[in-house]
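Participant: Okay, here's the structure, questions in a sec.
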């Protein structure tokens, strides 16, 4: 049997964490954020505590882009899309004159994305549909096993946040099921989520396009159709979570306004833990709160104090950011 | 924290199986079907066997109605729907004259279902939508903890197939994750699947209506909308499985033509096991293959020999059918 698991482990780097029983979060500086995580795990796993949560209820959800790995200078899936456009360009000479493809070929994202939803949808369909799920899986794995991050010159699979790998491992070892809940494409993440984050494909929730079951020359396959199925962002996140899991999680990590509804829903019960990763480290990663970009705070950051969401400053709370820098 | 798990265990009967290491399937008679199951588990769990499947790949999918519990004299969810209609009738005096509601109130299913898709959809929406997911969960649990099967006078949760409970337990103890893959409503099954089958809500795949996230008076909730989201039947079963799990299972159990595509997809790779439950026991359950009803075999039964799907005769292969009859 062709085993996806085995394939994954061959092709992408698994970033090992250096946690210990003494300090499960060695890449975190002491402070409110680290303490909140440690305290939460302590209380929900202690059967004598009134806020004990049995293992069936230990579900943690994590946004991906900007929460588990870097989303700068552009979403990783956008880099994949740009490379797909380049690969497909020889079969589409008309793209040299046609938007949004002309702009994509010139790597001018601003123009490419300025066309509105119809153009963005077209970009996704041309690069992500019109093949079987198995073929798409293969395209993603081939790409992610060699594509390099433009700033760090490392594999994208290495541009993950070491403190968050520690969190995933810490939660898992305490009986939690970790789910990725991403606005990105579910089938873009599933092929490598186990190898990179230790999260199996069944624990990935994301945006999707429609698929269709068809038997071709006697071979059953799932074909990826050029039609949006579900957008797992904002209001869509609680819907996607409940649809996939059928339960309300007790922990949510996010970093942007797309995560507000997920955080709000998860933290509407007790016990629960909501954490926002704040990108405020221009030196080691990027600083791009809207505070600096547009003169105002992100909505999620404004809501945080009132909602008891813990703000994690990458600059102050994280000793190390990437696994490749000690 | 309000814990669904705890709730379940209080309200519905868990049917304990009497499996042992010597005989994991004591309710099965010796024969081809039992042997096929035992042989399959033996080979895929043996690391020295060429057909070994690592635990990540051990996924088994089970149709629900007619495969895990009886679907006669009508689908259990239809009985729930009829009771909901009766409960709601006082608020809808117009139903006395309006189809399909008039027929439903007279428990005349033939007329009620004769109206076509629009009427069937209307019946579902009126009884299953217009409330939050939490409220619907409560309605289902209240109903299933007291509604009695009309023929056996037992709780529906007791009208499960003991040989299949043994299969679920046997697979689980061999590292398999069991999934329900039902044409029925996902949120009708999830509230009790753990208590009755040992299958957690996240391992239930089914048909669904759309839900919407909304904050009402400061309380985040998911509202059930009167709109079909996904039909998990026939072609929809492989699509639903891949969407939820992201992997191709190695085992499929079904009993009707709605399970053909799922069986076909799952058994298109090796190793795999496809089993069809044949309802041929008029004495202890029902005999309703189309062979008897329409002078022809079900399509799934016709395809079985060519596809190497194992036909399980309830009459010959099952020593006991229901847990309440020894």
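Participant: Could you list, in sequence order, the residues of the range B:225-247 that are surrounded by fewer than 21 Cβ atoms within 10 Å (Cβ to Cβ) and more than 10 Å from chain A (Cβ to nearest Cβ)?
Facilitator: B:225, B:226, B:227, B:228, B:231
Participant: Okay, next question. More than 9 Å from chain A (Cβ to nearest Cβ) and outside any strand (DSSP E or B): is that true of residue B:139 in this structure?
Facilitator: Here the answer is yes, as residue B:139 does meet what is asked.
Participant: Sticking with this structure for a sec: Among the residues of the range A:198-218, how many are more than 10 Å from every other protein chain (Cβ to nearest Cβ) and either more than 29 Å from residue A:61 (Cβ to Cβ) or out of contact with any strand residue (DSSP E or B) (no Cβ under 7 Å at 6 or more places or on another chain) (or both)?
Facilitator: Counting residues in the range A:198-218 that are more than 10 Å from every other protein chain (Cβ to nearest Cβ) and either more than 29 Å from residue A:61 (Cβ to Cβ) or out of contact with any strand residue (DSSP E or B) (no Cβ under 7 Å at 6 or more places or on another chain) (or both) gives 3.
Participant: In the list A:171, A:161, A:176, which residue meets the criterion of being within 14 Å of another protein chain (Cβ to nearest Cβ), under 30 Å from residue A:312 (Cβ atoms) and surrounded by 20 or more Cβ atoms within 10 Å (Cβ to Cβ)?
Facilitator: Answer to the check: A:176.
Participant: Next question, about the same structure. Does residue A:268 meet the test of being assigned to a loop (DSSP other than H, G, I, E, B) and closer than 16 Å to residue B:213 by Cα?
Facilitator: Taking the combined requirement at face value, the residue satisfies it.
Participant: Restricting attention to the range B:21-31, which residues are at pLDDT below 95 and surrounded by 13 or more Cβ atoms within 10 Å (Cβ to Cβ)?
Facilitator: Selection gives B:23 alone.
Participant: Okay, next question. Only residues that are crowded, with 21+ Cβ neighbours inside 10 Å and facing chain A (nearest Cβ under 9 Å): list them for the range B:268-280, please.
Facilitator: B:272
For every residue, the table says whether it meets (1) within 25 Å of the chain's Cα centre (by Cα); (2) closer than 30 Å to residue A:103 by Cα; (3) surrounded by 14 or more Cβ atoms within 10 Å (Cβ to Cβ).
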{"site": "A:33", "(1), (2), (3)": "yes, no, yes"}
{"site": "A:36", "(1), (2), (3)": "yes, no, yes"}
{"site": "A:41", "(1), (2), (3)": "yes, no, yes"}
{"site": "A:47", "(1), (2), (3)": "no, no, no"}
{"site": "A:53", "(1), (2), (3)": "no, no, yes"}
{"site": "A:58", "(1), (2), (3)": "yes, no, yes"}
{"site": "A:62", "(1), (2), (3)": "yes, no, yes"}
{"site": "A:77", "(1), (2), (3)": "yes, yes, yes"}
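Participant: Sticking with this one: Pairs needed: first member in the range B:191-217, under 21 Å from residue B:162 (Cβ atoms); second member anywhere, at pLDDT 95 or above and in a loop (DSSP other than H, G, I, E, B); C-beta distance under 6 Å; at least 6 residues apart or different chains.
Facilitator: Close Cβ pairs satisfying both conditions: B:193/B:199; B:194/B:200.
Participant: Shifting gears a bit: Pairs, please: C-beta under 8 Å, at least 6 apart or cross-chain, first residue within 17 Å of residue B:120 (Cα to Cα) and in the range B:87-100, second outside any helix (DSSP H, G or I)?
Facilitator: What qualifies is B:99/B:115; B:100/B:115.
Participant: Filter the range B:251-263 down to the residues that are within 11 Å of residue B:274 (Cα to Cα) and either more than 13 Å from chain A (Cβ to nearest Cβ) or surrounded by 24 or more Cβ atoms within 10 Å (Cβ to Cβ) (or both) and list them by number.
Facilitator: Answer for the range B:251-263, where residues must be within 11 Å of residue B:274 (Cα to Cα) and either more than 13 Å from chain A (Cβ to nearest Cβ) or surrounded by 24 or more Cβ atoms within 10 Å (Cβ to Cβ) (or both): B:251, B:252, B:253, B:254, B:255, B:259, B:262, B:263.
Participant: Oh, and also: Among the residues of the range A:306-326 satisfying the criterion of being in contact with a helix residue (DSSP H, G or I) (Cβ under 8 Å, 6 or more places away or on another chain) and in a helix (DSSP H, G or I), which is modelled with the lowest pLDDT?
Facilitator: Per the stated criteria, the residue is A:307.
Participant: It is to be established whether one or more residues within the range B:41-63 are under 24 Å from residue B:196 (Cβ atoms) and in a loop (DSSP other than H, G, I, E, B).
Facilitator: yes
Participant: Can I ask one more? Which number in (1) touching a helix residue (DSSP H, G or I) at 6+ places or on another chain (Cβ under 6 Å); (2) surrounded by fewer than 17 Cβ atoms within 10 Å (Cβ to Cβ) marks the one condition that residue B:84 misses?
Facilitator: (2)
Participant: Being over 30 Å from residue A:267 (Cα atoms) and modelled with pLDDT of 95 or more narrows it down to one residue among B:18, B:34; which is it?
Facilitator: Unique residue meeting the criteria: B:34.
Residues checked against (1) in a strand (DSSP E or B); (2) within 29 Å of residue B:243 (Cα to Cα); (3) modelled with pLDDT under 95:
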position: B:264; (1), (2), (3): no, yes, no
position: B:276; (1), (2), (3): yes, yes, no
position: B:284; (1), (2), (3): no, no, no
position: B:291; (1), (2), (3): no, no, yes
position: B:300; (1), (2), (3): no, yes, yes
position: B:304; (1), (2), (3): no, yes, yes
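Participant: Let me ask something additional. Quick test of your reading of the structure: residue A:127 fulfils all but one of (1) within 20 Å of the chain's Cα centre (by Cα); (2) within 12 Å of chain B (Cβ to nearest Cβ). Name the failing condition by number.
Facilitator: With respect to (1) within 20 Å of the chain's Cα centre (by Cα); (2) within 12 Å of chain B (Cβ to nearest Cβ), residue A:127 is out only on (2).
Participant: If residue A:221 passes every condition in (1) buried (at least 19 other Cβ atoms within 10 Å of the Cβ); (2) at the interface with chain B (Cβ under 8 Å from one of its Cβ atoms); (3) in contact with a helix residue (DSSP H, G or I) (Cβ under 8 Å, 6 or more places away or on another chain); (4) over 26 Å from residue A:156 (Cα atoms) but one, which one does it miss?
Facilitator: Unmet for residue A:221, out of (1) buried (at least 19 other Cβ atoms within 10 Å of the Cβ); (2) at the interface with chain B (Cβ under 8 Å from one of its Cβ atoms); (3) in contact with a helix residue (DSSP H, G or I) (Cβ under 8 Å, 6 or more places away or on another chain); (4) over 26 Å from residue A:156 (Cα atoms): (2).
The values are calculated or read from the model by the stated rules, or taken from the named source; none is laboratory data. Values in this document were obtained by computation on a predicted structure and should not be read as measured data. Quick reminder, even Gly has a Cβ in these numbers, built from the backbone with ideal geometry, and neighbours come from all protein chains shown.
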